[in-house]
Amino acid sequence: MPTNNNLNTNPEAPAVFPRWRLSSYYFFYFTLFGSLLPFFGLYMQELGFSAWQIGQVMAALIGTKIVAPYLWGWLADRTGKIMPWVRFVIGMATLASIGLLWTESFMGVLIVVTLFSFFWHGGLPLFEAYTFSQLGSQKTQYGKIRLWGSLGFISAVLALGSFFSHYALSGFPWVILGLFILLWLVSWSLKDQACITASPAQEMKIGYLLKSPLVWSLLMVSFLIQFSHGTYYNFFSIDLTAHGYSKQIIAWLWTVGVVAEVFVFLTMVWLFKTLSVRSLILASLALTLVRWQLNIWGVESLAWMLFAQTLHAASFGLFHAAALHLIDDLFKGKLRGRGQAIYAATSQGLGGALGALVAGLTWTWGGAFLSYMVSSIAIILAMLIAWRWLKFN
């Protein structure tokens, strides 16, 4: 695997980086995910949307990652600035999210979600690049910062699970708007980054990199694992509700998954010192396959669902940490922003959007069994690609 080169103007890693300001951004960014993923599907179900309509809205929510991250990453790389663009996209997403207060129709919700997600999804890849540029050669500390995003997710799930158990989901749009406002305010606490510089050796063409078996196999595996999560993100809460689980129990199950993810981020330094990135990715894929099968056969058992949720540590936490570590090694200098954007567009964007659409169709045709079996097949294919081509010199 290529060695990491610090991409700051100083060739040495910074002695001090803004740990708590970086952490606070992740915290509030992922409170939005903790509000959207467990409860948005339930909110749309209360509005009378069908499974296919829910799948389309969730595909739009995720699918804007196909284009948006690269556009904003390209602008950031061209200008040599990151945080001004982060503030811009989050500010625009905040304005667009106001539309949820005024529309309850399928088409209205679809348009609003497409608008705010186009800006919102540009913020995270840019901020990931900003974070790694601040960490320099200390990038193994990323997990200790990123875990605050997981804590934000947990806080949102628990608080809203309790709130929506006692009150109607009609307040959901106000929650989303409020969290966007908080995130935008936090973005102003971080200083603008100095212009990114790169040596001529680092100025590799994107096209050349994408021809590398290591790069395209990583992107393909990332696409497939995110695709496989479509059923989980769209219909996990709905499936549990159909099996008699309360909103509070559903919130706790989501929380268990993110607590497991936090554990991975806390042990990230040890993991990367002990195991190879390839081993970590293969392990995460194998455990993801087990997870989707448990969601088919163990859904009536709270104990099995608790165990399945701990595997979120592998299906998201472990894979995400390993993939980002590798992407930061492969895309250097002025390609850093676009590298993160390509990863986000391929996996969370294209993979997430197609996963949401296919989940909507398979859930309509064959319910949980068919949807999770398609997810499992995607993971088996990802394992074959990773085993054959995800190799390092």
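Table for the structure above
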| quantity | calculated |
| --- | --- |
| Within the stretch 106-196, helices (runs of 4 or more DSSP H) holding 1 or more residues that are of a type in the set (Asp, Glu) and over 22 Å from Trp254 (Cα atoms) | 106-135 |
| The one condition in (1) in a helix (DSSP H, G or I); (2) modelled with pLDDT of 90 or more that Gly41 fails to fulfil | (2) |
| Residue count, the stretch 79-105 (criterion: charged (D, E, K, R), closer than 20 Å to Ser133 by Cα and not in a helix (DSSP H, G or I)) | 1 |
| Among the residues listed as Leu354, Leu350, the single one being within 14 Å of the chain's Cα centre (by Cα), within 25 Å of Ala322 (Cβ to Cβ), surrounded by fewer than 24 Cβ atoms within 10 Å (Cβ to Cβ) and not charged (D, E, K, R) | Leu350 |
| Pair list, Cβ < 7 Å and 6+ apart or interchain, from the stretch 19-44 residues that are within 20 Å of Val57 (Cα to Cα) and without any contact (Cβ under 8 Å) to a residue 24 or more places away in the chain to residues that are buried (at least 22 other Cβ atoms within 10 Å of the Cβ) and basic (Lys, Arg) | none |
| Counted residues, the stretch 69-84 - those being under 15 Å from Phe118 (Cα atoms) and either in contact with a strand residue (DSSP E or B) (Cβ under 6 Å, 6 or more places away or on another chain) or crowded, with 21+ Cβ neighbours inside 10 Å (or both) | 4 |
| The lone exception for Lys81 - which of (1) touching a residue at least 60 places away in the same chain (Cβ under 8 Å); (2) within 30 Å of Ser170 (Cβ to Cβ); (3) more than 18 Å from the chain's Cα centre (by Cα) it fails | (2) |
| Residue list for the stretch 226-236, filter: crowded, with 24+ Cβ neighbours inside 10 Å, modelled with pLDDT under 90 and farther than 15 Å from Gly367 by Cβ | none |
| Test for Phe265: is it within 26 Å of Gly366 (Cβ to Cβ) and in a helix (DSSP H, G or I) | no |
| Residue in the stretch 288-335 that is farthest from Ser375 (Cα to Cα), counting only those that are among the hydroxyl-bearing types (Ser, Thr, Tyr) and surrounded by fewer than 23 Cβ atoms within 10 Å (Cβ to Cβ) | Ser301 |
| Residue within the stretch 339-361 that is more than 22 Å from Phe33 (Cα to Cα) and modelled with pLDDT of 90 or more present | yes |
| Options Leu95, Leu71; residue that is farther than 30 Å from Gly171 by Cβ and either out of contact with any Asp or Glu (no Cβ under 8 Å at 6 or more places or on another chain) or free of Cβ contacts under 8 Å to residues at least 12 places away in the same chain (or both) | Leu71 |
| First in the stretch 53-64 and farther than 12 Å from Gly41 by Cα, second anywhere and of a type in the set (S, T, N, Q), Cβ under 6 Å, 6 or more apart | Ala60/Thr114; Thr64/Ser117 |
| Total residues in the stretch 319-373, condition touching a Lys or Arg at 6+ places or on another chain (Cβ under 9 Å), assigned to a helix (DSSP H, G or I) and either of a type in the set (Phe, Trp, Tyr) or without any contact (Cβ under 8 Å) to a residue 12 or more places away in the chain (or both) | 1 |
| Residue list for the stretch 261-279, restricted to those being under 25 Å from Gly152 (Cα atoms) and either buried (at least 16 other Cβ atoms within 10 Å of the Cβ) or in contact (Cβ under 8 Å) with a residue 40 or more places away in the chain (or both) | Glu261, Val262, Phe263, Val264, Phe265, Leu266, Thr267, Met268, Val269, Leu271, Phe272 |
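Let's see how each residue does on (1) under 30 Å from Phe39 (Cβ atoms); (2) at pLDDT 90 or above:
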position: Ala242; (1), (2): yes, yes
position: Gly257; (1), (2): yes, no
position: Phe265; (1), (2): yes, no
position: Met268; (1), (2): yes, no
position: Phe272; (1), (2): no, no
position: Val277; (1), (2): no, no
position: Leu280; (1), (2): no, yes
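The values are calculated or read from the model by the stated rules, or taken from the named source; none is laboratory data. Keep in mind that this is a model prediction, so the values were computed, not measured. Because the Cβ atoms are built from the backbone with ideal geometry, glycine has one as well, and the counts that use them run over all protein chains shown.
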